[in-house]
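Working notes for the structure below.
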Amino acid sequence: MRQYEVAVLGGGPGGYTAAIRAGQLGKKTVLVEKRDLGGTCLNRGCIPTKALLHSAEAYHQLGSAKSLGITLGEYSFQYKKMARRKDKVVKQLRSGVESLVSGHGADIVRGEAVLTGPHTFRVGEEEFEAEQLILATGSVPASIPVPGTDKPGVLNSDGVLALEECPESVVIIGGGVIGVEFATLFCDLGKPVTIVEMLPSILYGNDPDVCSTMTGLLQDRGVTIHTGAKVLEIQDGLTCVFEKEGQTLTAQGQIVILATGRRPETANLGLEAAGVEAQRGFVTVDDEMRTNVPHIYAIGDITGRQQLAHVATAQGIVAAHNAAGEHRKMDYSAVPGCIYTTPEIACVGLTEEKAKEAGYQVKAGRFSVMGNGRSLAVACPDGFAKVVADEKTGRILGCHVVAAYATEFISEAVLAIRHGLTVEQLGQTIHAHPTVSE
Ligand code: NAI
């Protein structure tokens, strides 16, 4: 039986970071991964989508070349080449992750780990024992219980990212983060896109100004958006049949994308054998990322917190330190959320509504990027920045931005919220001009 001080099961951004940190802390560590290191984020999520979105945005921007004083000849895109570029980016980052993990002394084992007891697991025929375990097996796309989801051409995000050709038209079920990013991708490539969302708006749960601004911008670019729509079935063709305000409507696409959330990948992990408690597949953890079994930790999408790579990474670091004998706690007070639309969306902290619900006397300020020099100079005049503050203390509670580069500069607001800065402190800080961030 192979023996380790720390075993990390699952090699996504949570798991590989935990393994690196455990190695840095001098622990004899093993990282087990059944597919590719880097997990969903690197192989089937954040990175490949951003690579494709960049190609699509560049193509879309060529459409306004004339207004920038550029005369273009004929131009077109080859989706296969865009896909190859995406694969190259992923491959390069993946090899970086592999060398980081082994460079910090952690062993990498390929295969599916199954817990066989509170300290033991097997990978194929091989048995392992570990003093401390960190579960980080992530999530997979969730489907919906309607007829027709098994038809060819009905794809989840994994399927979309594996496409070799650009579909001629797209119907997206689910107007959450994944739905809206794929809508941006195919709309930038000039294809008809329809979003069918069950809730009253797309990106529901974000600041209402974010939802309405993005709805308007996507519609201006030709995306059809149906909200409050209940999908009934997907027929051959592919035709998505849905009910909205008592009427039965249809949307037709060469592909139908299911972007209806993700479910934890814990069904075959052997949680029962280890005595680890879970609810609907999500492992229950405390602020130290500990499960009900004190030497077993869980991090990332399987914990049911925000399913974000950077949350998993932060949890992985906390778990690794605690597995090495510390008592670190997770702090979720300032978690940025970034959505890679055009322009980008970046939010952190409380919305105005949530701040009021939490009992704050709220003061909110909103500035349209129409009045921002850099935004106009880079031909991206759409969007706004909204700061939500506590009127009594001036402390910043939330920041919600739709603007070019928003995902790059939201970290300033994250830092401000994390450290209790006030609007005056932020305002009195000299910001470079001209920037969108100012
Ligand atoms: P989501 O929970 O953000 O959105 C799913 C949407 O589908 C919801 O709006 C929901 O109301 C809708 N829906 C569910 N069932 C439906 C039905 N039967 N008919 C119509 N609409 C239906 O989940 P999503 O977009 O799949 O993303 C999964 C996770 O991945 C999220 O937690 C997200 O944060 C994360 N992610 C993050 C990204 C980022 O940070 N940029 C990018 C992509 C994903």
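The values are calculated or read from the model by the stated rules, or taken from the named source; none is laboratory data. The structure displayed is predicted, hence computed values, not measured ones. Cβ atoms come from the backbone with ideal geometry, glycine included; neighbour counts cover every protein chain shown.
Below, the figures for the structure above:
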| read-out | value |
| --- | --- |
| Qualifying residue in region 406-414 (condition: surrounded by fewer than 21 Cβ atoms within 10 Å (Cβ to Cβ) and in contact with a helix residue (DSSP H, G or I) (Cβ under 7 Å, 6 or more places away or on another chain)) | no |
| Criterion violated by Phe182 - all others in (1) within 16 Å of the ligand (Cβ to nearest atom); (2) among the aromatic types (Phe, Trp, Tyr); (3) assigned to a strand (DSSP E or B) satisfied | (3) |
| Filter result for the condition that a residue is surrounded by fewer than 21 Cβ atoms within 10 Å (Cβ to Cβ) and within 18 Å of Pro13 (Cα to Cα), over Val311, Val335, Val318 | Val335 |
| Test: residue in region 357-364 that is hydroxyl-bearing (Ser, Thr, Tyr) and part of a strand (DSSP E or B) | no |
| Any strands (runs of 3 or more DSSP E) falling wholly within region 226-323 and containing at least 3 residues that are free of Cβ contacts under 8 Å to residues at least 60 places away in the same chain and of a type outside the set (Gly, Ala, Ser) | 239-244, 247-252 |
| Among the residues listed as Ile299, Ile345, the single one being buried (at least 20 other Cβ atoms within 10 Å of the Cβ) and farther than 21 Å from Ser411 by Cα | Ile299 |
| Test: residue in region 335-342 that is touching a helix residue (DSSP H, G or I) at 6+ places or on another chain (Cβ under 8 Å) and closer than 27 Å to Ala106 by Cβ | yes |
| Test: residue in region 425-437 that is in contact with a strand residue (DSSP E or B) (Cβ under 9 Å, 6 or more places away or on another chain), farther than 20 Å from Arg374 by Cβ and modelled with pLDDT of 95 or more | yes |
| Residue in region 252-272 that is touching a His at 6+ places or on another chain (Cβ under 9 Å) and either at pLDDT 95 or above or more than 26 Å from Ser139 (Cα to Cα) (or both) present | no |
| Filter result (away from the ligand (no atom under 15 Å from the Cβ), closer than 21 Å to Ser55 by Cα and in a helix (DSSP H, G or I)) within region 187-218 | Cys187, Asp188, Leu217 |
